[in-house]
Amino acid sequence: MECISVFDMLKIGVGPSSSHTLGPWRAAERWITELKDKKRFDKVEKITVDLYGSLSLTGKGHATDYAVILGLTGADPERIPVDTIDVIVASIKNTNVLMLNNERQLNFDIKTDIIFNQKFLPFHSNGMSFTALINGRNYKSTYYSIGGGFVVQEERKISKANKIIFYCTFPYPVEKGTELLAFCNQLNLPISGVVLENEKSIRSQESIDFELQRVWDTMLECMYVGCHTEGNLPGGLNVRRRAFDIHTKLIGDFKYESHQEWLLTIRKTEVKFRQILKWVSCFALAVNEVNASLGRVVTAPTNGSAGVIPSVLMYYLVIENHEADFEHVKKFLLVAGEIGSIFKKGATISAAMGGCQAEIGVSSAMAAGALCELLGGTPEQVLVAAEIAMEHHLGLTCDPIGGLVQIPCIERNSMGAIKAINAAELALDTDPKNVKVPLDKVVETMWETAKDMSTKYKETSKGGLAVSVNMSDC
């Protein structure tokens, strides 16, 4: 059974894509570690990188080439100052020199040494190979970015099921919703309590709180930056940032000392129903506008769907419970992470494998379940909320215009957030005994739908809006 921590599902990184940016970045880091472990790092004369499938077709729009370069330099996506990214890449472009892991200087021409191949590798559509020239011989390693920043190396026997095997050390291992409910009943704990017990088996309570606080701070700062940044997004579509305009209309053009002060101000603001929709959409748009501009976000469960969970959590803090504190935030993130892991184990969180239902659909289910628990829902109702949210995202395609995580991706986060809130409310008024479609069945259906979906609707920019709308018309 897979053992997936909440911190595997909620990773801090750089946009615009967890599978096309964070994954390749981490793969480059792993390749450097592999070279060192095999005593080859100091012998490398030249390196080339081959990108395949979806990484090739939409890689430039997702900054995959940037991610590979930064990973090869040894930069950390969690901590690199995002305003230095363009400077680092520009320097390598201008000099054709790359400092491998910031230790060894190598000649590197971005135009010729990163190769965008059109073909797909058999295991996963997000494949990449790193090749090192050593003593006249090529040493190649292949990695796959399988969604949400997860990376695996080479094909495995279980590749047809798109699964990874981990040795699970959790005392209460969960693969399906029914197993999660059984542990809740056994321990007489809410879902967040079961997840916390599992996390405590691998790290201290202090570490859990510290890391969850860091995740939430990153989400909050991301929303703050998005709400206070004006202009157009990079990439050529000339998409205007809308969070700034919406935020200004809602609260005015005030200045704040920090994102924490900003949050306190919003929580004191009287909000009516129509404004609730605007606030939730504003928060979601803000996150994904930051993501689209290579800003720092939290995969939730992916970068392309990073706006749903923070915007729904903000809805709870700003609208539902002004007295909420970090304990509420912690419970929300624990539940969200667990629901996301169930989808990852039973289906996929990769748009290149399952379309946008695997990203926005999963994030909406995560947020719906988490909100339901905070609103007083039972563990059974929490899973009902997650099921309702995914049920109404089944079949959602991934068709980004120009391969950019902008249209329709940014708006989809606001739609996923609103659906999550609605799903949580429906679940609270539902007797789980009357539910006809359990969460496990919708996870199974989502995976079957993913396998049946045409490849052109799986993050290739070869179908849907990506071919119906020309970039020149934008």
Could you tell me the center-to-center distance, by alpha carbons, between segment 342-392 and segment 81-140 in angstrom?
36
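Do any trypsin sites (Lys or Arg not before Pro) in segment 4-77 lie in a loop, going by DSSP, with at most 13 other beta-carbon atoms within 10 Å of their beta carbon, and if so which? Present the calculation step by step, with values, prior to reporting the outcome.
On the way: sites: Lys11, Arg26, Arg30, Lys36, Lys38, Lys39, Arg40, Lys43, Lys46, Lys60; in loops: Lys11, Lys38, Lys39, Arg40, Lys60.
Qualifying residues, ordered by number: Lys38, Lys39.
Could you quote the convex hull projected area for segment 15-161, Cα atoms only and averaged over all directions, in nm²? Numbers along the way, then the final one.
Numbers: hull surface 34.6 nm².
Projected area, direction-averaged: 8.6 nm².
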Listing Phe332, Phe123, Phe210 by rising number of other beta-carbon atoms within 10 angstrom, fewest first, gives Phe210, Phe123, Phe332
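What number, in percent, do you get for the relative contact order of the chain if the mean sequence gap of Cα pairs under 8 Å and at least 6 apart is divided by its residue count?
Numbers: 923 pairs, mean separation 88.8, N = 474.
Once normalised by length, the contact order is 19 percent.
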How about segment 184-238: which trypsin sites (Lys or Arg not before Pro) there are in a DSSP loop, with at most 15 other Cβ atoms within 10 Å of their Cβ?
Arg203
Quick one: which of Lys436/Lys458; Lys60/Lys344; Lys60/Lys111; Lys419/Lys462 span more than 18 angstrom between C-alpha atoms?
Lys436/Lys458; Lys60/Lys344; Lys419/Lys462
Filtered hits (lysines, Cα-Cα < 22 Å from Lys249, offset >= 8 within chain) -> Lys268, Lys272, Lys278
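Using only the Cα atoms of segment 229-364, construct the convex hull and provide its projected area averaged over every direction, in square nanometres to one decimal.
Working: hull surface 36.6 nm².
One quarter of the hull surface, i.e. the mean projection, equals 9.2 nm².
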Can you return the aspartates and glutamates within cross-link range of Lys46? Criterion is Cα-Cα under 15 Å, with same-chain partners fewer than 8 residues away left out.
Glu103, Asp109, Asp113
Residue order, fewest to most surrounding Cβ atoms within 10 angstrom, among Val435, Val297, Val215:
Val435, Val215, Val297
From the C-alpha gyration tensor of segment 17-59, pull out the three semi-axes of the equivalent ellipsoid (sqrt of 5λ each), sorted largest to smallest, in whole Å.
24, 12, 6
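So, with +1 on the Cβ of K and R and -1 on the Cβ of D and E, and no other charges, what is the size of the charge dipole of segment 1-103 about its Cα centre, to the nearest 20 debye?
Details: 12 positive and 14 negative charges, 53 e Å.
That gives segment 1-103 a dipole magnitude of about 260 debye.
For the chain, give the magnitude of the charge dipole about the Cα centre (Cβ charges: +1 Lys/Arg, -1 Asp/Glu; no others), in debye to the nearest 20. Working shown, then result.
Numbers: 49 positive and 55 negative charges, 287 e Å.
The dipole of the chain has a size of about 1380 debye.
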Using the basic label-point model (7 angstrom from Cα toward the beta carbon), what is the Ser468 to Phe273 distance in nanometres?
3.0
Dividing the helical contributions, -39500 (n - 2.57) per DSSP H run of n ≥ 4, by the residues of the chain yields a 222 nm value, nearest 500 deg cm²/dmol, of -15000 deg cm²/dmol
Rounded to the nearest Å, what's the spacing between the alpha carbon centres of segment 404-474 and segment 191-211? Just the number, please.
30
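We did not get these values from a lab; they are worked out from the coordinates using the rules stated. Everything numeric here is computed off the predicted structure, so don't read it as measured data. All Cβ positions, glycine included, derive from the backbone under ideal geometry; neighbour counts span all protein chains shown.
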